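Worksheet: the structure to be examined is printed underneath.
Here, each number is a calculation from the coordinates, and none is a lab measurement. Note that the coordinates shown come from a computational prediction; the quantities given were computed from them, not determined experimentally. All Cβ positions, glycine included, derive from the backbone under ideal geometry; neighbour counts span all protein chains shown.
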Amino acid sequence: MTLDACARLLERGDPDRLLAVRAAPAWTRARLLPLYAFNLEVARAPWVTQEPMIAEMRLQWWRDVVAEDVPPAHDVAGPLQVLIREAGLPQAVLDRLIAARHHDVWRAPFADHRALAAYVEDTAAGLMWLAARALGAPDGAEVAVRAYGWAAGMASFLRAVPELTARGRQPLPAGTGVADLALQGLARLAEARAGRALVPKAVAPALLAGWQAEGLLTLAARDPAAVREGRLQLSEFTRRRRLLWQAATGRW
């Protein structure tokens, strides 16, 4: 798959992440676009069929791709396998990202807030750490990068609650408040910033995907009803300003 084709895939299925890539330096795109295209393919695998076993087979196929048991002719799998080899991406992190999506195949709700937190850790936080590693992040940056990815992932998850509910899911664990989840996200954001000195500036483009996290989490904490009512959105002016500021300064 060419980088242009990866971008078209993200334009249809993950436009916010594509905006983040386009705001990043050109040299990072060959690393970020295949990884984000892979994430999108895995994320939507449970939703493209009503047959759970077919969805499970799709996810298993991607696990085989990560283990390099599948020929690299596939549009996304080929570039991904090259990236895994060249950047030394940790296979265990890739595998957990895929495995977490098995939850989406079935309609059972999260057992509790810890199960939801683990899901966000393995998906959003894992993806951000993979992106950072693809840009050369050292091991010492993992805690801060994952914390930032978790905060961004929780913001995205809360924004998706109305759609998940419309699809017949119960996205929020019983007894778990929206405000509590938002505050937990803000706490993880503060944790990430406390470790910012350990994250090289060259890795900052990998964190651009979380540019909306603080604004969305703050809104959710102040107005929890906005989540269920589908009002958890930043203004277009705020979105663009925050993205441009973060891209220009490298601060997150």
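Worth pointing out:
- Of the residues making up the range 65-111, those that are assigned to a helix (DSSP H, G or I), of a type outside the set (A, V, I, L, M, F, W, C) and under 30 Å from Ala174 (Cβ atoms) are Asp95, Arg96, His102, His103, Asp104.
- Test: residue in the range 39-46 that is acidic (Asp, Glu), surrounded by fewer than 16 Cβ atoms within 10 Å (Cβ to Cβ) and over 20 Å from Ala137 (Cβ atoms): no
- Residues that are under 15 Å from Trp106 (Cβ atoms) and outside any helix (DSSP H, G or I), drawn from the range 149-172: Arg167, Gly168, Arg169, Gln170, Pro171
- The condition (being of a type in the set (A, V, I, L, M, F, W, C) and either buried (at least 17 other Cβ atoms within 10 Å of the Cβ) or in contact with a Leu (Cβ under 9 Å, 6 or more places away or on another chain) (or both)) is satisfied by just one residue among Leu135, Leu198: Leu135.
- Among residues of the range 185-231, those that are among the small types (Gly, Ala, Ser), in a loop (DSSP other than H, G, I, E, B) and touching a residue at least 60 places away in the same chain (Cβ under 8 Å), counted: 1
- The listed residues are Arg101, Arg96, and the only one of them that is closer than 22 Å to Gly210 by Cα, surrounded by 15 or more Cβ atoms within 10 Å (Cβ to Cβ), in contact (Cβ under 8 Å) with a residue 40 or more places away in the chain and of a type in the set (Lys, Arg) turns out to be Arg101.
- The set of residues from the range 232-245 being without any contact (Cβ under 8 Å) to a residue 40 or more places away in the chain, part of a helix (DSSP H, G or I) and either crowded, with 16+ Cβ neighbours inside 10 Å or hydrophobic (A, V, I, L, M, F, W, C) (or both) comprises Phe237, Arg239, Arg242, Trp245.
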